Amino acid sequence: MLQNAAAACEGLDVGLVNARLLCPIEEKHIEMFKNTRYLITVEDGNADTGFGAQMSRLAAAHGQMQVVNLGVPNIPIEAASIAEQDDFCGLTIEKLRKVILEAVESVSGD
């Protein structure tokens, strides 16, 4: 997922953080994002219960940013190739970039 996220961010004025560097997630990590208005998490696990959900909880406690969690939806996923599953879940480079561009546009319009 990190490779897809990095490719999706290429050429854009956005930050990218490897979530493995934030494990375990603690209250102090939210300070890293204190000047961030939009946080997009990307994971190849369940988007409702994984890393993104934890970051959403921390962000909500501080009320400082909008969070979008991208990952596997909490529904049955049919057996398929990884590329097909990534496409279904919106985790391809192209689909990630689209979400990132929408986020950039939404905050630059403020």
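The values are calculated or read from the model by the stated rules, or taken from the named source; none is laboratory data. None of the values given here were measured: they were computed from a predicted structure. Glycine gets a Cβ as well: all are built from the backbone with ideal geometry, and neighbour counts include every protein chain shown.
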Given the conditions (1) closer than 18 Å to Gly90 by Cβ; (2) more than 11 Å from the chain's Cα centre (by Cα), which single one is not true for Leu21?
(1)
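Within 23 Å of Ala60 (Cα to Cα) and either at pLDDT 90 or above or touching a Gly at 6+ places or on another chain (Cβ under 8 Å) (or both) - does that describe any residue in region 13-30? Break it down into steps so the answer makes sense when it comes.
Of the residues in region 13-30, the ones within 23 Å of Ala60 (Cα to Cα) are 14-30.
Filter once more, so that each one left must be either at pLDDT 90 or above or touching a Gly at 6+ places or on another chain (Cβ under 8 Å) (or both): none.
Taking every residue of region 13-30 in turn, none turns out to be within 23 Å of Ala60 (Cα to Cα) and either at pLDDT 90 or above or touching a Gly at 6+ places or on another chain (Cβ under 8 Å) (or both).
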Look through region 1-10, keep the residues that are among the small types (Gly, Ala, Ser) and under 18 Å from Tyr38 (Cα atoms), and return whichever of them is surrounded by the most Cβ atoms within 10 Å (Cβ to Cβ).
Ala8
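Does Leu96 count as within 17 Å of the chain's Cα centre (by Cα) and crowded, with 17+ Cβ neighbours inside 10 Å? Walk me through how you get there before you give the answer.
On the way: within 17 Å of the chain's Cα centre (by Cα): yes; crowded, with 17+ Cβ neighbours inside 10 Å: yes.
Against the criterion (within 17 Å of the chain's Cα centre (by Cα) and crowded, with 17+ Cβ neighbours inside 10 Å), Leu96 qualifies.
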Selection from region 3-56 of residues that are in contact (Cβ under 8 Å) with a residue 12 or more places away in the chain, part of a loop (DSSP other than H, G, I, E, B) and polar (S, T, N, Q)
Asn18, Thr36, Thr49
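Looking at region 61-79, is at least one residue buried (at least 17 other Cβ atoms within 10 Å of the Cβ), polar (S, T, N, Q) and assigned to a helix (DSSP H, G or I)? Break it down stepwise before answering.
Step one: of region 61-79, the residues buried (at least 17 other Cβ atoms within 10 Å of the Cβ) are 65, 67, 69-72.
Filter once more, keeping what is polar (S, T, N, Q): 69.
With the extra rule that they be assigned to a helix (DSSP H, G or I), the set shrinks to none.
Checked region 61-79: no residue is buried (at least 17 other Cβ atoms within 10 Å of the Cβ), polar (S, T, N, Q) and assigned to a helix (DSSP H, G or I).
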When (1) charged (D, E, K, R); (2) under 16 Å from Met1 (Cβ atoms); (3) loosely packed, with under 12 Cβ neighbours inside 10 Å are applied to Glu43, the one that fails is (3)
If we scan region 55-62, do we find a residue that is at pLDDT 85 or above, touching a helix residue (DSSP H, G or I) at 6+ places or on another chain (Cβ under 9 Å) and not acidic (Asp, Glu)?
no
